[in-house]
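Notes follow once the structure below has been shown.
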Amino acid sequence: MELPLDYATLRIIWWALVGVLLIAFALTDGFDMGVGALLPFVAREDQERRMVINTIGATWEGNQVWFILGGGAIFAAWPFVYAVSFSGFYLAMFLVLSALILRPVAFKYRSKRKDPRWRAFWDWSLFAGGFVPALVFGVAMGNVLQGAPFRLDGDMRAFYEGRFLGLFTPFTLVCGLLSVAMLVLHGAAWLGVKAERGPILDRARAYGTIAALASVALFAIGGLFVAFGPLGFRIEGLADPAGPSNPLRTAVAAAPGAWLDNYGRYPWMLIAPVLGFAGALAALAGMWKRSEPLAFAGSSASTVGIISTVGLSMFPFILPSTIDPRSSLTAWNASSSHGTLFTMLLVTAVFLPLILIYTSWVYKVLWGRASTEALTTNPDLY
């Protein structure tokens with residue numbers, strides 16, 4: 001049976017969809033992580049900390065659906081990418097999952113006892129549940145940009161030859177710190193629209209200002225690494241967008257500076273890095289002018305721009321190999337079959353709108369500022 005969409009088009013659609021899911025995760029659970037990382041610093045008393053926790057307490061579980069959808073989409077649409085990244089980066093994944101597991105435990109157990117040391121322990125657990133994933137996700141993104149030390153043999157078996165400490169290079173650490181700054185800015189902006197006005201908002205505004213400046217500086221430093229460092233890969237010859245999913249049939253070479261090629265070929269892509277800078281500066285202006293909507297819109301735009309910059313710079317690469325460039329995984333050589341991508345698209349067309357509608361309804365119902373007064377009248381709050 002002939003499918004209504006050709007193989008190349010479906011590959012582009014799924015490349016874009018995975019990007020959309022990851023951006024949705026960063027936009028929603030990103031402010032959860034940012035608020036967690038800010039918790040010990042913006043709230044100094046137990047009532048203040050409870051109020052901060054309740055700015056994300058009602059929605060943090062639902063926000064993780066985008067993380068699950070993103071991981072599931074990579075597994076189904078890009079099985080080679082899933083196999084290489086989840087086996088090669090398993091220690092980093094373990095670290096992220098451990099930190100994320102701490103978060104629900106902290107939400108549920110913090111209020112069980114009034115002992116200050118008990119509550120302080122869970123407050124710092126919430127900090128770890130926000131800071132550690134933000135840092136590791138950024139380091140992982142840096143490793144994707146610089147390439148991973150893996151190779152495929154003739155039977156398409158993947159072999160990862162790197163070590164855990166090898167994930168941390170000057171460039172990947174810059175990416176990790178940029179991720180932390182970006183999500184702390186987003187968390188501070190979220191507190192601006194969800195926390196009651198007062199000292200917590202003033203402290204969040206101060207930390208958000210620092211995070212906005214750090215985001216701009218670290219994004220610029222990362223750009224200099226990409227422009228002048230040993231980063232980049234290039235496909236040699238013509239790639240077949242509808243070719244078989246066999247990375248070993250693609251000729252790839254390391255090419256420093258090649259991650260900027262797409263901006264010369266498709267100038268419209270420059271909107272992504274521009275949005276990354278302009279969004280952070282808009283958020284900074286919002287912090288200074290005490291305009292919460294401007295700060296949150298700016299931090300959201302900056303998050304979209306920074307993540308989009310990575311994807312658009314690398315396209316069609318998804319995960320290049322540093323030790324055997326011809327094993328590099330691209331949108332054209334590492335996807336599932338034509339029929340699988342089409343079937344998944346039909347399922348997505350049905351369920352993704354339902355998730356968006358339900359999520360929008362939840363946010364509409366739960367909208368409004370958290371307050372310390374509500375803590376004394378609502379027994380359901382954390």
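The values are calculated or read from the model by the stated rules, or taken from the named source; none is laboratory data. This one's a predicted model, so the numbers in the text were calculated from it and none came from an experiment. With ligands, DNA and RNA removed, areas are computed over all heavy atoms of the protein, side chains included. Shrake-Rupley method; radii C 1.70, N 1.55, O 1.52, S 1.80 Å.
What the table below lists for this structure:
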quantity	calculated
Distribution of pairwise C-alpha distances over the stretch 293-353, 5 Å bins, in %	4, 14, 13, 13, 18, 18, 11, 7, 3, 0
For the chain: accessible area per residue (Å², 1.4 Å)	46 Å²
D_trans [Stokes-Einstein, Kirkwood Rh over alpha-carbon pairs] for the stretch 271-382, 10 °C, 1.306 mPa s, µm² s⁻¹	86 µm²/s
Whole-Hz couplings from phi, Karplus 6.51/-1.76/1.60, listed for the stretch 278-285; x for Gly and Pro	5, x, 5, 5, 5, 4, 4, 4
³J(HN,Hα), Karplus 6.51/-1.76/1.60, whole Hz, each residue of the stretch 289-297, x for Gly, Pro	8, 6, 9, 4, x, 5, 4, 6, 4
For the stretch 114-155, alpha-carbon Rg and Dmax in angstrom	18.4, 61
Heavy-atom accessible area ranking, 1.4 Å probe, most first, across 50, 290	290, 50
Rounded to whole Å, sorted largest first: equivalent-ellipsoid semi-axes of the stretch 117-273, Cα gyration tensor	38, 21, 14
More than 19 angstrom apart: percent of Cα pairs within the stretch 1-83	54 percent
Solvent-accessible area of residue 160 with every protein chain in place, 1.4 Å probe, in Å² to the nearest 10	60 Å²
Value of [θ]222 nm, deg cm²/dmol, for the chain, DSSP H segments ≥ 4, -39500 (n - 2.57) each, nearest 500	-23500 deg cm²/dmol
Amide H partners (placed H, <5 Å) of residue 58, local residues excluded	none
The stretch 194-214-the stretch 8-48 distance, computed between alpha-carbon centres (Å)	18 Å
Projected-area mean, the chain, by convex hull of Cα positions, square nanometres	19.4 nm²
Computed accessible area, residue 157, all protein chains, 1.4 angstrom probe, square angstrom	130 Å²
Among 329, 97, 38: highest mean-square fluctuation, GNM of the chain, C-alpha pairs under 10 Å	97
Gaussian network model of the chain, Cα within-10 Å springs - most flexible of 181, 37, 158	158
Percent of Cα pairs exceeding the 15 Å cut-off, where the set is the stretch 252-312	54 percent
³J(HN,Hα), Karplus 6.51/-1.76/1.60, whole Hz, each residue of the stretch 80-97, x for Gly, Pro	4, 5, 4, 5, 6, 6, 6, 8, x, 9, 5, 5, 5, 4, 4, 4, 5, 5
Accessible area of the chain belonging to carbon and sulfur atoms, whole % at 1.4 Å probe	70 percent
